[in-house]
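Every number in this text was worked out from the coordinates using simple rules, so none of it is lab data. Since the structure is predicted, the reported quantities are computational estimates derived from the model, not experimental observations. A quick note on method: Cβ atoms are made from the backbone with ideal geometry, for glycine too, and the neighbour counts reach across all protein chains shown.
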Amino acid sequence: MSFPFLSVITFTPAVAGLLILLLPAERKTEARMVALAAGVFATILSLYVYFGYDQAAGGYQFIEQYLWVPQWGITYYVGVDGLSLPLVLLTAVVMLTGVLISWGIDDRPREFFAFLFILATGVFGVFVALDLFHLFFFYEIAVFPMYLLIAIWGWVKTREYAAMKLTLYLFIGSVIALVGALAMFVAVRDFTGEASFSMLTISQAQQAGAFDFNVTLGNPFGGAPLLVTSFEKFVFPWVFFGFAVLGGIFPFHNWSPDGHVAAPTAVSMFHAGVLMKLGAFAALRVGIMLLPEGARFHLPWIVLLTLVNVVYGSFIAMTQQDMKYMIGFSSVSHMGLVAMAFTTLNNDGYVGAGLQMFSHGVMTALFFACVGMIYDRAHTRMMPELGGMARKMPFVAVAFIIGGFTSMGMPGLSGFVAELPIFLGVWRARALDVAGLPGWLASLAQQPWYFPLIALISAVSIVVTAAYVLRAVQRVFFGDLPHEFEHHVGDVTVLDKTALTILCGLMIILGVYPAIMAPLIETAVRPVLALLGVQ
Amino acid sequence: MSFNPFNPETLLAILPELVLVVTAALVMGLDVVWPESRRRGLGLLTAGGLALAAVLALIFSQPSPDNALIFGGMMRDDGLAFIFRLLFMFSGMIVALLSVDSQGVARKGEYYAILLGAVIGMNFMAAAADLIMLYLALETTSIALYLLAGFLRDDDKSAESGLKYFLFGAFTSAMMLYGFSLLFGFTGKTNLYELSGALLSGGVPTLPVLVALLLVLVGFGFKVSAVPFHFWSPDVYEGAPTPVTAFISVASKAAGFAVLVRVMVAVFPDVEGYWAPLVAVISVFTMTLGNTLALAQRNIKRLLAYSSIAQAGYALIGLAALSESGIAAIIFYLLMYTVTNLATFGVIILAVRAIGSDEIADYAGLSRRSPGLALVFLVGFLSLGGMPPLGGFFGKFFVFTAAVESGLVWLAVIGVLNAIVGLYYYLTVLKVVYLYRSERDNETIAVPRAYALALGLCSFGILLLGTAAGPWFSWATAAARGLF
């Protein structure tokens, strides 16, 4: 048996977290060193797996499978494909940079790193999951430490509220998706006669027709049934939205800016950078890939919700004075693009979605890191109160501007590489299966101008993004330095600079050399499209 | 139905109980002999006796492969009885460990003897295969528990707790006994495994059978604190000495489930079309009411009382699912619930000693005063809330899967919605523990070794059930299979 790379990556943070908890409370530096070592180790392994993946062969690689609960066909089952690999790498990078910029946390750092690392294990576990139960298991592990991380180390004013709101939103989403997943499991078991939570088995059974039956909602007051629809069409929205809550889809996005703002810097980075991808990724893996019929049917109208995400999110970001809220809503807008890309059901869109998940993860992590550094020194995040920061911390200013350009989609940076194919994909998308939608929606979705129009409207967000990013850059980093900051605001530490350099470097590398990732993602997109019956 | 003739080897099947009787006698004897200063050892001796009994049970009292009826049909030597007996002895052991420094009960021989008596009663409850045996075992347990709940004679709340428990218990027990008498009257049989056939062949009409069923359900519903027979639990939990509360909340409830499952499946299979939906409805009300009322609690013991009502509701889903996997899910759920609740109560016992209050608000700063205790508390509460990688996640998952498998999707949906409400109040308590400060942040809380051992065992159990759930669930499934 080959070396279990994925398991080692998954459990590195958890083991490091336990080690840290076992250290005596006053050994704070040692705790940080263990955390850093774990971050470096996970990053190196992720890079190895990333470049060791055989693109010519495609499919799932680095597979490991062990029995877990045999009665229910639950296995510990991991593997990566072109869609999950960039996200594994992203998680490792955010973990590493998160440790670097959290070096200064002084209130119970042991617990902080332990909880953060449990979360990281959960995230890795979801990205490499090939078993539905395995996915849920790690998904929940990724969710609940957020509560403690935000509630304990967060921003005093809103942390209790934001932490509870976030946890309940995400938990509600996941349990609703869980019931949908259980229904899928039972349907497959009745069809094949064998209990299995393996997503590969479920997908095969789906192709063989396990879900080709109707669901009838009886009318409790007698008369005709309220709803008769095919299983996939019925279950898809539950599963898709259950996960997409974590991806920040409208109208369930509301937890996310509050959560971002209240969280301490490293947690915001994790939260916006990685956790929101978790939602989008699971919605794709479980929702779209296991229920393609449902996806073909529902996505043409879901695109309207994502349009709201993209445009409305950017306008709300425009009106914010608090930098963290601005970035929080910008995340809603950019993650809306990912969800919108899912609705295209074509190659451009899906490759763009994969790139955007990575690109946005790096970019938001960078933004939150910068804001955290400014806040730690100036003790405010309100843009009108700031100014002239470029003189005090030039390094942060450069990094923020690079991030800002990425966010605007400037060529040469990763944002352009990701967003261009998404817009192309949306432009070319067509509604595939509208029978059963309400009449007006069906005829609307069938119009040849439906998707191009959506692409045009969502392009507005690029302009708005440019406006709020440039405004933020101008207000925060240039202009006059307020007098009270003259003395006590200093430059950032070497560790901070290292973290920023890593993040900026990734955006530039992907921007100038997209071939490092795009073909890889394409290997995974092709099978997805085949499931969807496109191509 | 054939009864094995008595043979001395069957005594091995009750070897653990014999050990417990000897331990109880020993404890009473040493209580007289030992001076006050040495009596802390009584608790350790009790725990040791229970551990020994559990080990002997594992070696000598493995269930017979053919689920034989032994002692003239009084007991059934099957997997269900085996698992539950181990569970009771484990929880008895943990409770004894948690009692050794607990105010008012720690140095009293009779306390430990009664505790052992309760465990013996529960062991026989789990194994009983005859109405007479069942009732005797149940009363042995109940009377011991009434005494334990009211053990702090000088404390009004404890006395009230004992009396209230007794009054409710005696009333429901009488109802149940009436149900038993009806069953006996219809059939002339007392053996559980003959009743069903006798009911069918005797042509007893459905209605009287249902009346008997309802009466029996009242008694068992009281034991598991299902709505509407739950009224006793908050007051009893609050007033009883905390180790006793822990014991009532896990062992007594588990014993109730053991007899509930056995009797329902063995005696009433022909009317399952009636009681399965009824159990589903009871489960919905139990979950919902428990969780809703828990939201408003300010006292940690009352909060856990309502939480334990809600937990019983989740477990009942498994019975409503009416399948082998459903019963297996109940057994797993109770295993998980037992270790989890014992861990939480263990922390509370220690915290109360240091804080001197049961109010949730007074738990502020616990994470600074004792990070280890706070961590156990966190593990326990998140497990109750159903978070991985802790036992509670698998517990809920199995129960809900069993429900969906039996077509009860609506019940699973109500269950998961309840899980969200539950998570809310568990998190609220954790927030107080981790977030708020108190004036005494710098005073650490001492954790005696016996408590550290008990808490360590329980935390390990929670993590074990939450990660390597497979073997445990296989075990539970094998036991469930023996019932059908």
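Quick notes
- Simple Cβ-charge dipole of segment A:296-535, Lys/Arg +1 and Asp/Glu -1, about Cα centre, in debye nearest 20: 340 debye
- Ordering B:GLY162, B:MET133, B:GLY188 by the projection of their Cα atoms onto the charge dipole of segment B:128-204, which places +1 on the Cβ of Lys and Arg and -1 on the Cβ of Asp and Glu, puts B:GLY188 at the extreme positive end.
- Proximal charge balance of B:VAL263 [Cβ under 15 Å; K/R count +1, D/E count -1]: -1
- Cα centroid separation - segment B:186-227 against segment B:61-88, whole Å: 22 Å
- Largest first, the three principal axis extents of the alpha carbons in the protein assembly as shown are 89, 67, 54 Å in whole numbers.
- Angle between chain A longest axis and helix A:84-101 axis [Cα atoms, degrees, rounded to 10]: 20 degrees
- For segment A:110-189, the dipole from Cβ point charges (+1 on Lys and Arg, -1 on Asp and Glu) about the Cα centre works out to 160 debye, to the nearest 20.
- Spatially proximal lysines relative to A:LYS392 (Cα-Cα < 19 Å; intrachain offsets below 8 disregarded): A:LYS497
- Hits among lysines - C-alpha to C-alpha of B:LYS253 under 21 Å, sequence gap 8 or more where chains match: B:LYS164, B:LYS223, B:LYS301, B:LYS396
- Note on chain B: with charges restricted to the Cβ of Lys and Arg (+1) and Asp and Glu (-1), its dipole about the Cα centre is near 840 debye.
- Whole-number Å³ per residue for the convex hull built on Cα positions in segment A:42-194: 129 Å³
- Summing charges over all other residues whose Cβ lies under 15 Å from the Cβ of B:LEU455, with Lys and Arg as +1 and Asp and Glu as -1, gives +1.
- Look at the dipole of the protein assembly as shown built from charges on Cβ: of A:LEU284, A:SER314, A:LEU456, the Cα furthest out on the positive end belongs to A:SER314.
- Percentage relative contact order, chain A, counting C-alpha pairs under 8 Å, at least six apart: 15 percent
- Normalised per residue, the volume of the convex hull around the Cα set of segment A:296-535 (Å³): 109 Å³
- Placing unit charges on the Cβ atoms of the charged side chains and taking the dipole of segment A:296-535 about its Cα centre, the candidate lying farthest along the positive direction among A:VAL476, A:THR406, A:TYR325 is A:THR406.
- For the pair segment B:257-312 / segment B:135-169, the C-alpha centres are spaced 22 Å from each other.
- Those residues of segment B:103-124 whose amide nitrogen sits under 20 Å from the label point placed on B:ASP154, 7 Å along Cα→Cβ: B:103-112
- Radius of gyration and Dmax over the Cα atoms of segment B:265-335, both given in Å: 13.7, 45
- As a ratio to 2.2 N^0.38 Å, the alpha-carbon radius of gyration computed for segment B:271-484 takes the value 1.05.
- Computed [θ] at 222 nm, deg cm²/dmol, chain B (DSSP H ≥ 4; -39,500 (n - 2.57); rounded to nearest 500): -25000 deg cm²/dmol
- Principal-axis tilt of helix A:199-208 within chain A, Cα atoms, nearest 10 degrees: 30 degrees
- Spatial separation of Cα centroids for segment A:183-261 and segment A:378-434, in angstrom: 34 Å
- For A:SER230, nonlocal amide neighbours, meaning residues 5 or more places apart or on other chains whose placed amide H falls under 5 Å from its own, are A:VAL215.
- The alpha-carbon of A:LYS324 sits under 16 angstrom from the alpha-carbons of these aspartates and glutamates, leaving out residues fewer than 8 places away in its chain: A:ASP258, A:ASP376, A:GLU385.
- Long-range amide H partners of B:ASP130 with built H, under 5 Å: B:LEU192
- Global size of chain A as Cα Rg and Dmax, reported in angstrom: 22.6, 77
- Stokes-Einstein D (µm²/s) once Rh is taken as the Kirkwood radius of segment A:363-490 over alpha-carbon pairs, at 37 °C in 0.692 mPa s: 191 µm²/s
- Formal net charge of residues neighbouring B:PHE186 (Cβ-Cβ distance under 15 Å; K, R +1; D, E -1): -1
- Using alpha-carbon coordinates, inclination of helix A:414-428 to the longest axis of chain A, degrees: 30 degrees
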